[in-house]
Amino acid sequence: MEELVGRWWHEALEKLIAPPPTAATVRLADMRATIGLMFRAAGGAGTVRLAPASLQRTADASHWLHRLAGAGGRAALPACDTDVLALPDSLSVFDDRALNHDLYLWLALLGAHWSPHPDWVLGNVLSTKSALFAFPGFVERYEKLKSAHLLQREGSATPGRASVQAERNVRVALAGQWPSDTPGGCLPADVAPVWLWVCGPTVQPKVGSASASPPRQTENARKPSVTDAQRRRAHTTTHEVDRAPMVLPFRAEALMSWSEMVRVNRSTDDEDDGNAQAAANDMDALSIAPDGQTLASRVKFDLDLPSSSADDLPLGEGQLFPEWDFKRGLLRPGHARVQATQARVGASFQPSPALRTIARQMRRRMEVMRHTPRWQRGQENGEDIDIDAWISLQADSLGADHRGSDTPAVYARRVATHRSLATWLLADLSQSTDAHANDYMRVIDVIRDAVYVFGEALHAVGDPFAVWGFSSVRRHNVRLQKIKGMDDRWDAAARDRVGAIKPGFYTRMGAAIRHATHHLQHCPQSCRLLLLLTDGKPNDLDEYEGRYGLEDTRHAILEAREAGVTPFCVTIDPDGHDYLPMLFGAQGYVLVHRPQDLARRLTQAWTQLARNGGRGR
C-alpha cells in the first residue's frame, strides 16, 4: 500500500512540475538531420555520434514544487566528448522558436570546433572564437543569442560570494574576455546554465586510478534488457576493501546519511525490476568500479580454435596486411595476418524448395542483363534527349565566350555494349551470426541463403565473381573462407561449400577488405565491385573494438576506393544507420529490415550497381 501511494504521489508531482508545451519548443528529434549536416560541414569528426544530454545539477532557480519532487536545480546541459555530442532532448530556453532553432545550430557549430581544456570557461571562450572566425556568417545569429541569454541571466546568481564570483566570470567570458579567476573543471553547481556553451567531457576518469583492467562479467552474462542512448556523466572509482560485505548495524540516525558503496555481486538470474533506468536518471553521476576479475578464462574456453583435423583446410602460408591506428595516425605495417582457408565439405547442400524458387526467379531476371542495351549519354545524335547534357549546354551558353555548335552532344541512345565488371562478395561469418534472425531462422542461415541466391544469379549473368566468408580471432588469425574464387566455376562443389559455412569468431573487417582489394586490383575488368554482407560492427578480442575498429575499417574502405574498387555494404543490423554512413557514405550501403528479404535485396543491390557502372544508388 505504501508503494502504491508513493507511486501516485510521484505521478501527481510529475504532472504538476512538467513544463507546458509551447510553440517555441524545438525538439532534438526534429533537428537531427540538420544538426548532423551542420556538425559535419563545420569540420566535426565523422565518428562523433549525437545523443540526448544527461541531467546535471545547476543553480537555476526552481519552484518549490520542483524541490519537493526532488527535480529542482537539474537541467540537460550540452556536452562534447571525443565520440559524443550530447544535446538537450528539447530546447525552450527562449520564447522565440527561431532563437531555439539557432541555438541548436550554434551548439553543433561549437561542438565541431570544441577544444578540450581543463578550464571549461577558457575552453568555451577559445572554441567560440574559433567557430565564429571559421563561420563569420553566423556572427549575427550568435549576437542575438548572446544578447537574449545575457538578458535572462540578470539576477540568476544565487546568494554567496563564490556563486557571485563565478557568475561574474561567466558574464565576462560571454562578452569575449578572459576572466582572471575562472572555475576549473566541469560546470560548477553554483552557476546557472550557460546555454551557449558546452561543459566539456561528460566522462571524467579519476586520475591515478589503481585499476586498468576491464570490469568483470559473470559466466551467465547476457545482453542488458534495458537500452538507453542517453549520454550520462560518470567517473571511475575503486573499492579498496576486498572482502565480503557485512551486515550493517541498525542505526536509525545514520540510515539517511549512508552513502558508502558496498560491493554486492547480485546473481544474473534475478529478474529486472524495471527501476534500473529510473535510478540512473536520478543520479548526477554514475560510479564505475571494476572488481579485478576478467573474462579471459571463459573466452579462451569458449573460443578455443578447432584441431587441425577438424579445422578448415589452409590455402597457402597466409598474408600480412597493415592496420590503421587512429590514435597515432599511422598505418601499422604487417600488423594483421590473413589466412585463406577452404571448408571441409561433408554432405551435399540441398536448398529448400522455397529457396530454389527464389533463386530461379532471380536467375531469370538476371539473364536478361547479358545482352541488354545500355544508354550512352552525351551523344551528338540519338533517340532521346539527355537532360543533364542539355542543362549543361544551356548553362555554358550564358558565358560571354561561348561558341555554339551545329551538333551539340545533348542526345542519348541505346547501344549493345560489353559489360566489364568483376564482383567480390565478403560474407560476415562471425559468432554473432549464430543468433536467431527471426522465429525459425538463424542469421547464418539467412546469410547462407543469400549467398546461394547471389551465386545462382551471377552465374546466369556470366560476369566473373568471387565469394568469400571471413571471421577472426585477434590480429594474427584473420580467417577468410574461400567459397568460390574469381577463376573458379559455380558448380556443385561451390554450392556444397555454401552449405558448409558456419559461425566463426569475430569481425576484423579492415583486414578482410584489404585482402579483397589486393585481389581485385589485379582483375582486368574496368569496374570492380566489393560487396560486404554483415550483421554488425567490426570487433575482435584485442584492441579492435569501438572506434579503433571503425576507424581501421573506414581507412580500408578509403584505400579500396583509391585502388579503383567500389565498396558497398548490405546489412541486417538495425543500428546500421548509426555507423555505416561514416564507413561507406550515405549512398554506400543498404539496410535490410526483414532478414528473410536479404537474398532478394543483395541481388537487387548488385543489379542497381551494375547498371550504374559501379556507382551507388
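Things to note:
- Residue count for the stretch 445-489, restricted to those that are farther than 24 Å from residue 514 by Cβ and part of a helix (DSSP H, G or I): 11
- Condition check for residue 32: in a helix (DSSP H, G or I), at pLDDT 85 or above and closer than 19 Å to residue 100 by Cβ: yes
- Search result, residues across the stretch 545-565 that are in contact with a helix residue (DSSP H, G or I) (Cβ under 7 Å, 6 or more places away or on another chain) and among the hydroxyl-bearing types (Ser, Thr, Tyr): 553
- For the stretch 59-93, filtering for residues that are hydroxyl-bearing (Ser, Thr, Tyr), over 18 Å from residue 39 (Cβ atoms) and modelled with pLDDT of 60 or more leaves 2.
- For the residues 165, 56, the requirement of being modelled with pLDDT under 90, in contact with a strand residue (DSSP E or B) (Cβ under 8 Å, 6 or more places away or on another chain) and not in a loop (DSSP other than H, G, I, E, B) singles out 56.
- When residues of the stretch 410-453 are limited to those that are among the basic types (Lys, Arg) and closer than 23 Å to residue 482 by Cα, the one least open to solvent (accessible area, probe 1.4 Å): 448
- Strands (runs of 3 or more DSSP E) contained entirely in the stretch 344-432, each with at least 2 residues that are modelled with pLDDT under 85: 374-379, 411-415
- Test: residue 500 is closer than 24 Å to residue 333 by Cβ and touching a residue at least 24 places away in the same chain (Cβ under 8 Å): no
- Test: residue 535 is touching a residue at least 60 places away in the same chain (Cβ under 8 Å), touching an Asp or Glu at 6+ places or on another chain (Cβ under 8 Å) and closer than 15 Å to residue 509 by Cβ: yes
- Residues that are open to solvent by 70 Å² or more (accessible area, probe 1.4 Å), in contact (Cβ under 8 Å) with a residue 12 or more places away in the chain and more than 25 Å from the chain's Cα centre (by Cα) are absent from the stretch 107-116 altogether.
- Residue within the stretch 134-142 that is buried (at least 19 other Cβ atoms within 10 Å of the Cβ) and among the small types (Gly, Ala, Ser) present: no
The values are calculated or read from the model by the stated rules, or taken from the named source; none is laboratory data. Worth saying up front: this structure is predicted, and the values here are computed from it rather than measured. Backbone-built Cβ (ideal geometry, glycine too); neighbour counts: all protein chains shown. In case anyone asks, the SASA skips ligands and DNA or RNA and just uses the protein heavy atoms, side chains included. Shrake-Rupley method; radii C 1.70, N 1.55, O 1.52, S 1.80 Å.
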